[in-house]
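This report concerns only the one structure given below.
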Amino acid sequence: MQRYENPFQRRQKRHEIKTLLTYPQYLELRQRAISILTPDWHMSAPDGYRVQSVYLDDLLRCAYQEKDGGVQHRNKFRLRAYNGSDSFIVLENKEKIDDRIMKTSLPITREDYDAILSGNFSCLLAYDAPLARQVYALHAARFLRPVVVVEYEREAYVHPLSMVRITFDKAVAAGTNSLDMFDSQLVTRPIFDHQEVILEIKYDVYYPAYLKQLLQNNGDKLAISKFIQCCEKLESQNIILTPRRTFSANTLRPVAERRIP
């Protein structure tokens, strides 16, 4: 299988700034951004593209607890695809150390995606990649498994200076009845009530002053991730998505349950 070459992956760990914008703030900043920035090569349409992720966590919810608790060095593992297509699926680790991030990605097949969703992580042993071995080991040791589907529409713009990348994430939603992002019966629920948009700014060494001025806004600095927000949305609605073991097939299947308030 041909390895996916992420243009940002070979860079050093990058800075990341997140801001929660109102919809009018987004419209204003978008107008400024398109006047000087170039649409990212993923942008097949002016309104952006759909990002779908299945986030993984262990039995102790370490990814959730570490992010929520502000642990300085943490990892988030996920399966990701775009625009509802299974032609390109990646297993990713988004690693954060202090205020720096770095993404490691590994393309996997649809068959191996299905295997992971069913609880069979041994398919990862066929990949000669540290990420595959790391995820398999975490599953074996701490029962890493799918916990939530996150979907949103993304607009992305880039500037070559300091490898700046600006993204607007709209219509962020959590899957409410399945842990499979390709499930034709998947039902999602928006996590924001008033069409808020998440602005993310990533850069290498420095954030150019004129871009900082261009994108200056009165939005609220965002400390928690879309993963955390989606988990909290489900919890607020008393929804738990848990893998259930079916002993006849020796697999894990997601089942939506409801807590009794």
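If I stretch the segment between Asp47 and Asp183 completely, what's the gain in nm (0.36 nm per residue apart, minus their alpha carbon distance), one decimal?
Numbers: separation 136, 0.36 × 136 = 48.96 nm, distance 2.39 nm.
Full extension from Asp47 to Asp183 adds 46.6 nm.
Using just its DSSP H runs of length 4 or more, each adding -39500 (n - 2.57), the chain gives a mean residue ellipticity at 222 nm of -6500 deg cm²/dmol after division by all residues. In order along segment 119-125, the phi-based Karplus estimate (6.51 cos²θ - 1.76 cosθ + 1.60, θ = phi - 60°) of 3J(HN,Hα) comes to x, 9, 8, 5, 4, 5, 5 Hz; Gly and Pro are listed as x. Once C-alpha pairs closer than 8 Å and six or more residues apart are averaged by separation and normalised to the residue number of the chain, the relative contact order reads 25 percent. Charging the Cβ of each Asp and Glu at -1 and of each Lys and Arg at +1, and nothing else, the dipole of the chain about its Cα centre rounds to 460 debye. Name the most mobile residue of Val197, Val172, Val51, meaning the one with the largest mean-square fluctuation, in a Gaussian network model of the chain with Cα contacts below 10 Å. In the Gaussian network model the winner is Val51.
Selection among Gln237, Ser105, Ala33 by position relative to the dipole of the chain gives Ser105 as farthest towards the positive end (Cβ unit charges, Cα centre).
Over all other residues within a Cβ to Cβ distance under 12 Å of Leu214, the charged ones net out to +2, with Lys and Arg as +1 and Asp and Glu as -1. Each residue of segment 180-197 is assigned a 3J(HN,Hα), and the resulting list reads 10, 5, 9, 5, 5, 9, 4, 10, 10, 10, x, 8, 10, 8, 10, 6, 4, 10 Hz, derived from the Karplus form 6.51 cos²θ - 1.76 cosθ + 1.60 (θ = phi - 60°), x at Gly and Pro. Annotation: amide H of Val148 within the under-5 Å range of Tyr55, sequence separation 5 or more or interchain, hydrogens built in the peptide plane. Taking 0.36 nm per residue of separation and subtracting the current Cα-Cα distance, fully stretching the chain between Gln195 and Ala141 would add 15.5 nm.
Each value in this text was obtained by applying a stated rule to the coordinates, not by laboratory testing. These figures come from a predicted structure and were not determined experimentally. Neighbour counts run over all protein chains shown; Cβ positions are idealised from the backbone, glycine included.
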